[in-house]
Structures are given as structure tokens and as C-alpha cells.
Amino acid sequence: MATTEDLLSYLIAPDPAAPRLTRAVEGMDHEGKRTQISVVEERPLTIFLNAQEIVTAMTIGDYPEYLALGFLRNQGMLGPQEKVLGVDYDDELETVVVRTDGQTSYEEKLKKKTRTSGCAVGTVFGDMMEGLEGVTLPAVTVKTSDLYALASVINRTPSLYLEAGAIHGTVLCQGNRPLVYMEDVGRHNAVDKIAGWMLSEGVAAGDKLLYTTGRLTSEMVIKTAMMGIPVLASRSGFTAWGVEIARQVGLTLIGRMRGKRFVCLSGEERLLRDADPESVGDEDRKHRRKGADA
């Protein structure tokens, strides 16, 4: 059986070289004593598509190129056949420019913005359901043994959350193996970084699982479906519309995933219960990650 170290050896983790990820702040604790803790830094990142400014996101600053690519793709502003000529990041200006070879469709989309229930960049441009037309996700079997293994490994992965809290994590997985781990102040940013990495590396989506610490809301389901990923899991809960859309597109949706417990509200027929829940221990409190409700 693979050890945690074996599984983590494959993982692409948050970039430790990114500037200003955390900083120390002094304060006072509940006993009136001076204390110092690490807090996550936020910084703006302005995304351009060719010559058009699209949005400014609040982000932790790592992997700006992946974030820009994934955001534009997930918002439907970067078509699947559109060729990306380059992605230019200027750290001093806190700006990233994605350059393409064709005409883009952002003009009309910019006129219709829907504010979603998300944090950071929770805006969906145009009709929220437009990008799901014709989407049919592959019916992938999900082993419960893989779910338990992933939860255990992810909970032990070194992260900004374990250091400072106040952050969301998203992990791209295959079977029981985490492939890419991204974090940010908003779960949307973390998902978009995953999407940008997949686009840059030409990674297939049809056999992957996406894990998030955030709520399983409509926009999280839509992003996952548009990426072509057939399974979305979270340690947090659901919204009704998120469940409805997941059932519509055939997305397996698993939430409240902690220790041996989870709830599947879409795609339960694709679960293969190959592990005895009683053989799985509860989460160790020191390894518990954020069950985010924000």
C-alpha cells in the first residue's frame, strides 16, 4: 500500500517562491499576552485578454499565469480551439496578459455579469448555464477506498492553511493520488489555477477528481463540469442548485467528506463501496483542515 510520502512525491504544491504569501503580525491573545501569528497576504492581480482589461482578483500571488488562463477558460472567454500565443506576467504592475491568435467573445459577456455566492473572483459572465450546453461527463466509477486515501493524504499535505488558516484549497486527483494542489483566498481562484495548469500542460480531465475545501455551490459545479472533470468532492456542504446542476450534467457530487463520513447527492450509482467505513479512523484534530463555509 502506498504511503503518504509516496503519494505526496507526485504532488505539485503551492509555489514557496511566490512573494508575500504570509507575514508575521503581532497582537494580543485571550489572556492579554502579546502573541505573533502568520497571516495570509492578499494582493491584487489584474487579468487582461489581449488589450482588454477583464477583472482584478484578490489572490495570494502564486501561479498568476495559471490563474489567468483558468479564469478566462472557465468564464467562456477563451474558446477550446483558441490558440494561446503567450502569457505575460508583470510582478511590479501585478498584471497578467493572456495573448491569443483570434477574436475573443468577451465584449458581450462583459455586459452581463452575475455575482455568485463565491469569494474573491465569484463573477460569472453571461448566462451561467450557457457553457454547459451539450456537456456530458463520463460515467467514472469512484472507489470509496480512494476517497478515504485522498482525504487522509490531503489532510497531511503541507499548506498555507496549516500555517496561517483563512484560505481555501483545491486538489486535482487521479485514483487515490493527488496531482496538483492549489490554494488561494477564494475557492474560485484555486479552481481556476488548476484549470490553467491543465490547459498549459494538456492534461486530460475525463478520469480526474477535483477536491475542494469550499462549499459545493452552483458556480463550483459549473466550473468543474466545464473543465470536463466528472467527480467533485468537498469536506464542506452543498447548495440545492449545485446539486441540481450536478445531476443535470452527470457529475458525481460528494460532500461533508471527513474521516470515514461523506454524503453523495449526485451519481451515487457510480460509487464502488470497496472499503469498510469502520476500518477508517476519524480525523486527527491536528491534521484537520478548513471545513469552509465562506
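General observations
- Residues in the range 257-286 that are in a strand (DSSP E or B) and basic (K, R) were compared, and the one that is farthest from L150 (Cα to Cα) is R261.
- Unique match (being of a type in the set (S, T, Y), within 24 Å of T141 (Cα to Cα) and within 14 Å of the chain's Cα centre (by Cα)) among S266, S234, S279: S234
- Strands (runs of 3 or more DSSP E) contained entirely in the range 36-103, each with at least 1 residues that are under 20 Å from N189 (Cβ atoms) and among the polar types (S, T, N, Q): 43-49, 52-59, 95-100
- Subset of the range 33-44 (residues that are without any contact (Cβ under 8 Å) to a residue 24 or more places away in the chain and polar (S, T, N, Q)): T35, Q36
- Residue in the range 251-258 that is surrounded by fewer than 24 Cβ atoms within 10 Å (Cβ to Cβ), more than 15 Å from the chain's Cα centre (by Cα) and without any contact (Cβ under 8 Å) to a residue 60 or more places away in the chain present: yes
- Selection count where residues are more than 14 Å from H168 (Cβ to Cβ) and either surrounded by 24 or more Cβ atoms within 10 Å (Cβ to Cβ) or among the charged types (D, E, K, R) (or both), scope the range 209-226: 4
- Whenever a residue of the range 271-290 is in the same structural domain as T212 (by TED's automatic domain parsing), it has no partner that is modelled with pLDDT of 65 or more and surrounded by fewer than 12 Cβ atoms within 10 Å (Cβ to Cβ) lying with C-beta atoms less than 8 angstrom away and at least six residues away or across chains.
- Scanning the range 45-68 for residues that are touching a residue at least 40 places away in the same chain (Cβ under 8 Å) and under 14 Å from L93 (Cβ atoms) yields a count of 6.
The values are calculated or read from the model by the stated rules, or taken from the named source; none is laboratory data. In this text, all values refer to a predicted model and were calculated from it rather than measured experimentally. Neighbour counts run over all protein chains shown; Cβ positions are idealised from the backbone, glycine included.
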